[in-house]
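Let me begin by presenting the structure, written as structure tokens, before commenting on it.
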Amino acid sequence: MAFQITRLQVEQLRRFRQPLLLEGFEPGLNILAGPNEAGKSTLVRAIRAAFFERHRSTAVDDLRPWGEGSSATPTITLDFMLDGQPHHLVKSFLGKKRCTLQIGSQRALDGAEAEDHLAQRFGFGFAAKGASRPEHWGIPGLLWVEQGSGQALDVSHAREHLHDALQGQADAAGGPAALGGLAASGGDELLQWLRGQRDELLTAKGVPRRGGGLPEATELADEQQAQISALDQQIASYRQQVDQLATLRAQHQADETAQPWAALRSTLAEAQARQQALAGQQQQLAADQARAAQLAQTRQLLAGEIDALARQQAQAAQRGQALAQATQQLQAADAAVAVAAAGVQASQARAQAARLAWRTAREAAQRQALAQQLQQAQADAARQADALQRADAAHQHLATLRAQAAAHPAIGEAQLKVLQRLDRGAREAALRRQAVATRLQFDLPAGQALGLARGAAGGADAGAGAGAGTGEVQRTLQGQGELLLDSPATLALPGGGTLRITPGGQDLAALARQHDEALAALQAALQGQGLADLAEAEARLAAHTERQAQIRLAEQALAIVAPQGLAPVQAAAGEAQARIASAQAALDRLPANANASATTTTTTALPLDEAEAAHDAATRSEQAAAEALAGAQRRQAATASALDSAQREHAAAQAALVDPARAARQQQAQQQLLATQAEHEALAARIGQAQAALAAARPDIVAQDIARLARSIEQLLQAHQQRREQLLVLEGTLQQAGAQGLEEQRDSLAGALARTRRRAAELQHRAAALALLCSRIEARRQATLSRLQAPLQQRLQHYLPLLLPGAAVQMDAQLAPESLTRPAPDGGAERAALDELSFGAREQLRLISRFAYADLLQQAGRPTLLILDDALVHSDAERLGAMKRVLFDAAQRHQLLLFTCHPEQWRDMGVALRQL
């Protein structure tokens, strides 16, 4: 073979951003398989671009990687064998444009020179401007089949190369000198005239031509037939409307009698009543949720206060932890006693209630309603009283905190920072003064002592005795030690004499003065604030900050329990008490025994046997609760003893942390937190029950029912009105249609249609006769052409029997397959133009034609390469099997690259499938 691709690499080209290398191509058949979007057509486009596109072209943006900017450089590297020599082609587009062609080991071509060399050798051309088009592709355009184009074949752009190949075959066989001699065949003028007459009536595809009379006659006949059909439809519609009128009248009368919308209106009213009831429940749920949010905020505030108090005890030692543990144990024991006591009380109450129920089981039940009213009023009064008590407590607590804040003078952070700065200055001055002081170290034997006199005023002169100076400080030195002297001092020696020690440096006096001034400024600032030292100032600021935090917390707590002030809460409590008085007055008007019973029970009296059983069970429960209380009290006493020991130990270690006011506030906050949490949990349970009730009632479905029923009523009334309007319209329409004479119009059009069809038949017969005459003459002319097309026909017949045994393909003057002749089912022969065949058959025959062209071109010394991209996908299993034999045979003479997304169909080709 004269041409063979051996290696292909693409980079930054469409979907292949990274390099993709394919090598090891076989000289014959190569099958490259991959699913859709795997890049098969991209590789075909890369091969075509490597040959057909100029490397400097700006019309190749389709090669750019998907989603990349303008800096991308699509690059194609192609290695192939041509005439026994290796060729290496590298072509880059867009970003960094270049083209190099290495031929063997000696010759190298660059740029347009390399491109023109390949175009001349392979038989194609380049576009003068823009992207390459089919008219430039020449021989490769004939042999390289793109996806979906196998059924199409345009030989015109490679005709000169095919003519050259056929001319060479004819010269070798001693035939005519050129195909142009066919134009001198006898009968061409007559054939041209007949074709002109035929073409006046028919197009090249045998379709009636507009302007020749046949299409117009056919269209007129169709129009007249359409008019007749329209009249037929009008007549049928008239008859249908008569029937429809009777039906509508019956339906309208039925609705007038039944009135189906009346029942739906009643159902709608019931649904609207349910919706109003559910709206009230939703409002109550919203109020409960708002109260729950307030309680959650209060709980958060109390928890914050408790956390702040707990952080103050973070420095407590192990004895504090032991005390906390003992306290927790005592609290647990107290809680257990409280629970047991509550159990005793509850069991006693149940026993008492059981005894009362047993005694009053025979009393009448008419007192139950008044007792329930009284119980509800008392519960409301208890809640209002609790709310009023909490509001009063919050108001009094706030007033107390504000009074405490007014009674204690405050100090600001800015003032504290000034004091801290002065204190830091005094301490730094003292350190600087000590750093330059004279260090006196002494080590005296036992029993020996020295007298030292120091004075801030400089002391006595060198000849004076110890202690002679004014303002001196006397000190006796014994044993070992060290002193820092920052002022003159006199040391008395044993047996008489003194040593005068004067610390050196001019800075000492200045440092001493600075230290004294810093101390004086600090004392003045402290005295101005009425403070003894800096620690007292810091404590006063911390106390002020704590009081302000408590005031804010108290204000928030008051706003939560009484958002509108105390007056509304007091009014609500008064109303609750009024309801109690009213209910109690109603009970007082009852007989004495009924009144006494009504105040002790609000439940329906039980039967006697059930009351006795309940009394026995309550007595046993009371005894068990008493035993549990005794055990809890014993454990409480033991825990209290342990707590007493822990308190004594803790008091000795952390007396400074004991603050009665702080402990009282912490206990109060904890109690408030427990109460708030209990109320929140109860409210949450009630909210859950309300939500469950609303969820079960499904307000959305009730709303849907209302909308559905309203629309149904509206639609029924609307349909009733529309049916009435249709009756009126139909009655008017039928009156108009009866006066039009539709039957007479149809008879007139039927006569005109018969005349038009006769004219169309005459023109059709003339066109058929001219077409037959032209085809007979063209057949004689084709025989002349066939003698020169014998080499091409021979190559076609090499392949065609593998696909269609006994068939033959006729070529036109342009060397393109024109028609197919094959055996008919009746034993004769049938002939059809290729364009009249199915898609799959056209593709198969035109692929075979390409293989025949490749054989002729190869014999003429042209390089050939066959590329098929997803070809033969429209072939049935039998035809595909035949075409496989054709492809395999062609691959014995040419390199063939087959790209497919159906690898399972090509496993029997005797070559390995390359997966992309």
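The values are calculated or read from the model by the stated rules, or taken from the named source; none is laboratory data. Worth saying up front: this structure is predicted, and the values here are computed from it rather than measured. Quick reminder, even Gly has a Cβ in these numbers, built from the backbone with ideal geometry, and neighbours come from all protein chains shown. Note: accessible area is taken over every heavy atom of the protein model, side chains too, but ligands, DNA and RNA are not part of it. Shrake-Rupley method; radii C 1.70, N 1.55, O 1.52, S 1.80 Å.
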Flag if Arg299 is assigned to a helix (DSSP H, G or I), among the basic types (Lys, Arg) and closer than 30 Å to Thr545 by Cα: yes
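The rows are residues; the columns are (1) open to solvent by 60 Å² or more (accessible area, probe 1.4 Å); (2) closer than 30 Å to Ala695 by Cβ; (3) over 58 Å from the mean Cα position of the chain (by Cα).
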{"residue": "Ala221", "(1), (2), (3)": "no, no, yes"}
{"residue": "Thr247", "(1), (2), (3)": "yes, no, no"}
{"residue": "Gln259", "(1), (2), (3)": "yes, no, no"}
{"residue": "Ala263", "(1), (2), (3)": "yes, yes, no"}
{"residue": "Arg274", "(1), (2), (3)": "yes, yes, no"}
{"residue": "Gly280", "(1), (2), (3)": "no, yes, no"}
{"residue": "Gln283", "(1), (2), (3)": "yes, yes, no"}
{"residue": "Ala292", "(1), (2), (3)": "no, yes, no"}
{"residue": "Leu302", "(1), (2), (3)": "no, no, no"}
For the condition more than 19 Å from Leu248 (Cα to Cα), modelled with pLDDT of 85 or more and not acidic (Asp, Glu), what is the one hit in Ala768, Ala739, Ala719, Ala779? Ala768
Which condition number does Glu200 fail, the rest of (1) without any contact (Cβ under 8 Å) to a residue 60 or more places away in the chain; (2) exposed (fewer than 15 other Cβ atoms within 10 Å of the Cβ) being met? (2)
Note: among Arg831, Arg846, just one is part of a helix (DSSP H, G or I), within 19 Å of Val809 (Cα to Cα) and open to solvent by 10 Å² or more (accessible area, probe 1.4 Å), namely Arg846
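Each row is one residue, and each column tells you yes or no for (1) on the phi > 0 side of the Ramachandran plot; (2) open to solvent by 40 Å² or more (accessible area, probe 1.4 Å); (3) among the hydrophobic types (A, V, I, L, M, F, W, C).
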residue: Glu53; (1), (2), (3): no, no, no
residue: Arg56; (1), (2), (3): no, yes, no
residue: Pro65; (1), (2), (3): no, no, no
residue: Glu68; (1), (2), (3): no, yes, no
residue: Asp79; (1), (2), (3): no, no, no
residue: Gly123; (1), (2), (3): yes, no, no
Specify which of the listed residues (Leu264, Leu248, Leu268) is more than 15 Å from Ile713 (Cα to Cα), in a helix (DSSP H, G or I) and touching a helix residue (DSSP H, G or I) at 6+ places or on another chain (Cβ under 6 Å). Leu248
Please indicate, with yes or no, whether at least one residue in region 803-822 is in a helix (DSSP H, G or I), of a type outside the set (D, E, K, R) and on the phi < 0 side of the Ramachandran plot. yes
Complete set of residues in region 800-850 that are touching a residue at least 40 places away in the same chain (Cβ under 8 Å) and more than 18 Å from Ala877 (Cα to Cα): Val809, Ala813, Gln814, Leu815, Ala816, Pro817, Asp835, Arg846, Ser849, Arg850
If you go through region 563-586 one residue at a time, do you hit one that is over 29 Å from Ala406 (Cα atoms), assigned to a loop (DSSP other than H, G, I, E, B), open to solvent by 30 Å² or more (accessible area, probe 1.4 Å) and modelled with pLDDT under 80? no
Identify, please: which residue in region 30-46 is surrounded by fewer than 20 Cβ atoms within 10 Å (Cβ to Cβ) and out of contact with any Lys or Arg (no Cβ under 6 Å at 6 or more places or on another chain) and is, among those, nearest to Gly148 (Cα to Cα)? Ser41
Hey, among the residues in region 342-370 that are in a helix (DSSP H, G or I) and either charged (D, E, K, R) or closer than 30 Å to Ala651 by Cβ (or both), which one's modelled with the highest pLDDT? Arg350
List every residue pair whose Cβ atoms sit under 9 Å apart, with the two residues 6 or more apart in sequence or on different chains, where the first one lies in region 278-302 and is in contact (Cβ under 8 Å) with a residue 60 or more places away in the chain and the second, anywhere, is among the acidic types (Asp, Glu) and part of a helix (DSSP H, G or I). Arg291/Glu679; Leu295/Glu679
I'm trying to understand the selection: among the residues of region 890-916, which are part of a loop (DSSP other than H, G, I, E, B) and of a type in the set (Val, Ile, Thr)? Val911
Residue list for region 851-889, restricted to those being within 48 Å of the chain's Cα centre (by Cα) and part of a strand (DSSP E or B): Ile867, Leu868, Asp869
May I ask you to list the residues in region 2-29 that are open to solvent by 50 Å² or more (accessible area, probe 1.4 Å), on the phi < 0 side of the Ramachandran plot and not basic (Lys, Arg)? Glu11, Gln18, Pro19, Leu21, Glu23, Glu26, Pro27
Selection from region 483-505 of residues that are in a strand (DSSP E or B) and over 9 Å from Ala437 (Cα atoms): Leu483, Ala489, Thr490, Leu491, Ala492, Thr498, Leu499, Arg500, Ile501
Find all pairs meeting these conditions: Cβ atoms under 6 angstrom apart; at least six residues apart or on different chains; first residue within region 541-566 and within 30 Å of Leu419 (Cα to Cα) and of a type outside the set (Gly, Ala, Ser); second residue open to solvent by less than 40 Å² (accessible area, probe 1.4 Å) and not in a helix (DSSP H, G or I). Leu541/Ile411
Tally time: how many residues in region 108-142 are of a type in the set (Lys, Arg) and under 29 Å from Arg846 (Cα atoms)? 2
When residues of region 510-521 are filtered for being open to solvent by less than 70 Å² (accessible area, probe 1.4 Å) and modelled with pLDDT under 85, how many remain? 4
Gly881 vs (1) of a type outside the set (D, E, K, R); (2) under 22 Å from Leu796 (Cβ atoms); (3) crowded, with 22+ Cβ neighbours inside 10 Å: all pass except (3)
In this structure, is Gln313 at pLDDT below 85 and outside any helix (DSSP H, G or I)? yes
